1. Using 7 Å Cα-to-Cβ label points, what is the GLU737/MET794 separation (nm, one decimal)?
2. Just to check I understand the Karplus step: with θ = phi - 60° and J = 6.51 cos²θ - 1.76 cosθ + 1.60, what whole-Hz values come out for segment 537-551, glycine and proline as x?
3. Sticking with the crude label model, points 7 Å out along Cα→Cβ, report the distance from GLU729 to LYS280 in nm, one decimal please.
4. So what's segment 498-593 giving for Rg/Rh, alpha carbon basis, Kirkwood Rh from the mean inverse pair distance?
5. May I ask you to derive the relative contact order of segment 278-495, considering only C-alpha pairs under 8 Å and at least 6 residues apart, and to give it as an integer percent?
6. What dipole magnitude, in Debye to the nearest 20, does segment 332-414 give about its Cα centre under +1 on Lys/Arg Cβ and -1 on Asp/Glu Cβ?
7. Report the net charge of residues surrounding SER275, where surrounding means a beta-carbon distance below 12 angstrom and charges are Lys +1, Arg +1, Asp -1, Glu -1.
8. Net charge around VAL515, counting only other residues with Cβ within less than 15 Å of its Cβ (Lys, Arg = +1; Asp, Glu = -1)?
Amino acid sequence: MSEATETHGGNTAGNSEHITRIPSGAATPVDAGVSGPPSRTRRFLAKAEKKIDKFKLKLGLKEKGTESHGTSEASTTAASTGESTTASSGKTWAVVARGLKMTLSGAVPFIPDPFKGPAQALLKIIDIFEQAKSNKEDMEELKARCDLLNESMVNAIKGRDERLLSAELKESIGRLVKGVHDTLLATVVEYSTGMAAYVMAEDNSDVVKEANEKMDQILQCFWIENLIAGALVLSDVLQTVKNHTLVLSDIHKTVKDQEGWMVKLCTTTDNHFKSASLDKLKHVPGAAYDSQELAKVNPCFQGTRVKLLAGIGRWMSNTALEEQETSKPIYVLDGIAGIGKSTVAKTVAQHAAAINSLGATFFFSRDHADRQQAADFVHTIAYQLACCDASYGRVIAAAIDDHPESLHKIMAQQFSVLVAEPLSGMLKQRATPLVFVFDALDECAQPDASDILSLIIGSISKLPNVKVFLTTRPQLVLRIKYQSTALADCFHLQEIEAVIVDSDIRLYLGYYLSVSNIQKVFEGTEWDCWSPTKDQQEQLVRVSDKLFIFASTAIKLILSYEGLGPVNMLASILNLEPKQGMVKLYQKVLEIATPTGILRPSKNWDLWLANFKTAVGTTIILQYPISIKALERLLQLESPDLGPMLRNMHSVLAPFDDGPNPTYKIHHKSFPDFITNADVCPQEFWIEESKYHLQLGKCCLRTMNQQLCFNICQVSAADQYKELANLPELNKEKLTEELKYAVCNWAAHFARSKLKSFDKETEQLLQRFTAVHLIHWFEALAYLGQLDTAFSIMHTALTILVSKLKAFLNGWC
């Protein structure tokens with residue numbers, strides 16, 4: 001694995017409150033394989049600490065708090081002290097110092113070895129600050145920040161068994177301690193060039209101010225890293241910030257820090273800016289991480305992907321792993337299907353949004369026409385940025401008003417005019433990075449996917465204070481491009497250590513197969529007292545073979561009321577071979593869906609199989625999901641009842657709801673890959689995509705020929721020449737769900753049919769549509785707000801007709 005892969009990516013320095021770049025060495029850890037700092041640094045630290053001890057002896061100060069207490073006792077003490085030392089206006093430095101020393105004493109036993117020395121030395125440095133008597137503002141701020149350090153560490157470890165703390169969290173705490181140690185020690189060394197150290201500390205305000213700024217940078221990195229990783233609870237951080245600003249308020253009489261990074265990280269952003277100009281942006285609502293279309297994509301299960309998320313948190317927080325490491329604004333997470341890339345992307349987006357650090361998201365999908373192309377990519381980014389911060393919204397709206405022609409330019413020009421130019425100055429003022437999350441770029445059609453990657457590398461990643469998190473399958477044309485740029489670090493998800501992935505899957509299975517969850521799922525049935533043995537759960541971990549989608553699908557099958565029942569289903573799954581597990585599991589899904597009361601072969605079997613393939617085949621190739629009733633009307637089947645055909649497929653085709661008219665959505669894209677691949681899917685169940693695209697194309701034409709008409713929304717004669725925006729509320733009753741789908745997607749299905757010539761039925765349908773309903777089609781597109789797509793749809797249709805005509809002429813000649 002490359003160095004970039006091992007370190008989870010590089011780091012781009014962010015800005016502090018004073019727009020100071022966060023130093024790459026802030027909170028920088030020493031390499032785990034090295035016993036301590038370089039010899040020159042060790043001599044420097046030893047000399048400095050001897051000076052501190054000398055001053056303390058002169059003053060008759062006693063050593064206190066330097067002994068490491070028992071870990072479990074110290075952890076308990078730290079937690080309780082953290083509660084008792086909550087910042088308040090009356091707190092003294094003695095209380096802060098005592099709490100900080102107790103927390104450090106509790107942390108010393110479990111933090112990694114390279115950080116133990118700085119942690120123990122920091123205990124000594126605290127004694128010097130404890131003697132400071134001055135009430136100068138800068139010194140009081142430094143004391144308040146030390147209290148903030150204490151509460152941050154307490155929040156990270158409170159209520160947890162230190163034996164169960166992740167190695168990443170322990171290392172993060174170690175980096176935090178070392179960063180604070182280096183900051184305070186450098187301050188004390190500078191003070192100790194003349195009079196007693198603590199006296200100089202009170203009189204040298206510039207040095208203390210610099211220490212305050214460095215403390216802010218170090219704490220900022222710690223908070224962002226661990227909030228993204230899920231190691232810190234946001235509510236705890238919010239309370240800490242609130243308490244801390246109360247202390248500063250008491251010091252300064254006014255809350256000076258309200259514009260600082262801490263408040264910006266945790267307050268609710270003003271995102272209520274509205275403008276008619278923004279309505280001109282053709283954004284894709286379903287591309288947002290929190291859209292209804294992505295409701296079935298779950299974030300990482302709590303406690304899983306800890307190492308990976310910690311690495312992403314370090315990349316986002318600008319915590320460099322080595323001082324010489326170059327800044328890398330792009331983090332590419334690539335991996336095979338089913339390994340959990342979208343789950344990680346959604347988690348990163350959620351955590352970044354919670355701390356006001358999410359700029360925009362675009363989750364690509366080949367199952368949705370508007371999410372598999374680049375047409376509205378920049379519009380969506382601009383719209384989401386405008387909605388996430390009112391100040392961004394105002395300048396983007398102004399850019400639209402000043403340059404309306406930019407809305408229709410090529411992507412690079414759109415991005416420059418709508419995003420880069422209006423926002424660059426404002427982004428430079430950010431105290432924390434702004435993250436863009438783009439998922440499943442491989443599901444965007446070519447050449448659009450390559451164009452978007454070029455935009456990410458050449459423009460988006462070069463915005464000030466911006467980071468881009470990107471996931472994709474490692475397709476060759478994309479992989480060559482993102483691996484060849486110096487701006488991106490790449491982590492190959494399938495190369496993560498097997499022991500880590502197995503541990504995550506074990507945790508996931510342990511929850512869903514626990515006694516309590518099984519009782520809840522099967523309450524009142526014969527299985528409510530059943531639970532798998534530990535050996536069976538371990539077998540299931542092995543069969544999953546590092547694929548979360550396997551574990552997820554297996555759980556859906558085991559906990560289903562349909563099929564074999566949980567006992568037999570588990571036994572059946574455990575007999576699968578790990579390396580062919582996903583294929584065999586999907587074959588098992590098809591077996592369960594097959595009715596047991598039909599003889600094979602027979603007419604009944606042939607009829608059932610044809611209906612089954614129609615239901616599944618059309619569902620997986622729809623440009624976007626529509627309700628089951630709308631699909632039945634679109635297909636115009638003789639026996640329109642697709643529900644029973646899909647009911648036993650819930651483990652791979654998930655319904656949005658359990659009502660009488662559900663909308664089915666593909667649980668994971670690996671299932672369409674399986675069932676449309678003749679090499680792995682049983683021949684009788686194999687779905688020939690081109691066949692069902694042609695069928696849906698015909699159904700769309702048939703639906704339009706039947707339902708389209710003049711003035712379909714019944715606009716009165718007095719209003720027929722008004723702008724659409726000025727019309728009264730339209731009567732869209734006749735714009736049925738299936739008609740809306742047909743109007744927007746008929747050409748796309750014909751384009752994918754891959755047939756050399758149209759049959760007679762298709763020719764007749766096309767002839768009637770063009771002769772009678774073409775103008776009605778334009779009208780319907782206008783009422784649906786999709787008139788600007790008419791050109792691309794007609795271009796697609798004409799391209800198909802020309803290719804068919806050429807094929808016909810070549811055959812005739």
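None of the figures in this text is laboratory data; all of them are computed from the coordinates on show. Model, not experiment: these values are computed from the prediction. Note that each Cβ is placed from the backbone with ideal geometry, even for glycine, and that neighbours are counted across all protein chains shown.
1. 3.1
2. For segment 537-551, the Karplus-derived couplings read 5, 5, 4, 5, 4, 5, 5, 5, 6, 6, 9, 5, 5, 5, 4 Hz, x marking Gly and Pro.
3. Placing both labels 7 Å along Cα→Cβ, they lie 2.9 nm apart.
4. Result for segment 498-593 is an Rg/Rh of 0.94.
5. 32
6. In total the dipole reaches around 300 debye.
7. +1
8. That sum, taken over residues with Cβ under 15 Å, equals 0.
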